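This report refers to the structure that appears directly beneath it.
The values are calculated or read from the model by the stated rules, or taken from the named source; none is laboratory data. Bear in mind that the values here come from a model prediction, so they are computed numbers and not experimental data. A quick note on method: Cβ atoms are made from the backbone with ideal geometry, for glycine too, and the neighbour counts reach across all protein chains shown. Quick note on the areas: whole protein, heavy atoms, side chains included, nothing else; ligands and nucleic acids left out. Shrake-Rupley method; radii C 1.70, N 1.55, O 1.52, S 1.80 Å.
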Amino acid sequence: MKYLVENIIQQLVEVQNGKLWIGSTFTSKLNQVNENVVFFRPIENLHSIAEIISHLTLWRKETILKIQTGKGSKTDDCEENWLTNDKLKLMGWQYIKSEYDKTLTELINLLKSKDDQFLNEEYYDTDFKGNYKYSFVINGMLHHDIYHLGQLGIIIKYLKENNKC
């Protein structure tokens with residue numbers, strides 16, 4: 001049976017570019033900006049769009065690794081968790097965005113090969129230092145995406161108020 005896995009996949013897709021009750025998706029938000037503003041922090045302690053997208057990509061890659069190997073490698077304290085805008089500018093927005101899109105496709109394709117029983121299997125979480133069911137990390141990815149989608153909305157609002165968009 002794949003009912004739960006297919007539901008998770010559908011939610012991941014909808015949050016990216018579907019029709020959500022909350023009204024905004026990553027696609028709708030990111031279509032409001034251009035690469036001239038993605039590295040700009042509208043308030044000193046508020047992340048840039050590029051920082052958030054890079055951060056989401058890291059944790060997607062980490063989730064993919066956990067599904068593939070049963071163990072993660074990163075923690076909240078690793079440097080890659082929040083790369084600086086200076087480092088991200090060297091990568092370029094097109095690369096950052098393409099890696100983000102690629103990891104979503106990879107995660108979805110990986111989940112398509114799983115059934116609902118997989119969600120109850122365990123992996124070792126390096127960050128939380130213990131064994132957890134895959135449902136924990138997969139649902140966590142969805143929650144994580146939605147949390148940061150809200151942040152993008154705030155950042156873009158500030159950018160518009162400062163005539164950056």
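General observations
- Between T25, T75, T63, the GNM of the chain built on Cα springs shorter than 10 angstrom shows T75 fluctuating the most.
- Potential lengthening between I22 and D101 on full extension [0.36 nm per residue; Cα-Cα distance subtracted]: 26.3 nm
- Percent carbon-and-sulfur accessible area, segment 11-165, ignoring ligands, DNA and RNA, probe 1.4 Å: 49
- Taking label points 7 Å from Cα along the Cα-to-Cβ direction, N131 and L90 give a separation of 4.1 nm.
- For the chain, a simple Cβ point-charge model (Lys and Arg +1, Asp and Glu -1, everything else neutral) yields a dipole of about 380 debye relative to the Cα centre.
- The lysines whose alpha-carbon is closer than 20 Å to the alpha-carbon of K19, local same-chain residues fewer than 8 away aside, are K29.
- With each label modelled as a point 7 angstrom along the Cα→C-beta vector, the N120-I154 pair spans 3.9 nm.
- Using heavy atoms of the protein chains and a probe of 1.4 Å, the accessible area assigned to H143 is about 120 Å².
- With bins 10 Å wide beginning at 0, the percent of Cα pairs of segment 25-165 falling in each bin runs 11, 40, 31, 15, 3.
- Gyration tensor (alpha-carbon) shape descriptor, segment 3-79, a/c threshold 1.5: oblate
- Exposure rank, largest accessible area first [D77, D86, D127, D116; 1.4 Å]: D77, D86, D127, D116
- Segment 12-72 and segment 83-139 have Cα centres spaced 12 Å apart.
- Most fluctuating residue given options G140, G23, G92, as computed from a GNM of the chain linking Cα atoms under 10 Å: G23
- Max mean-square fluctuation residue, GNM over the chain, Cα-Cα springs under 10 Å, options N109, N120, N45: N45
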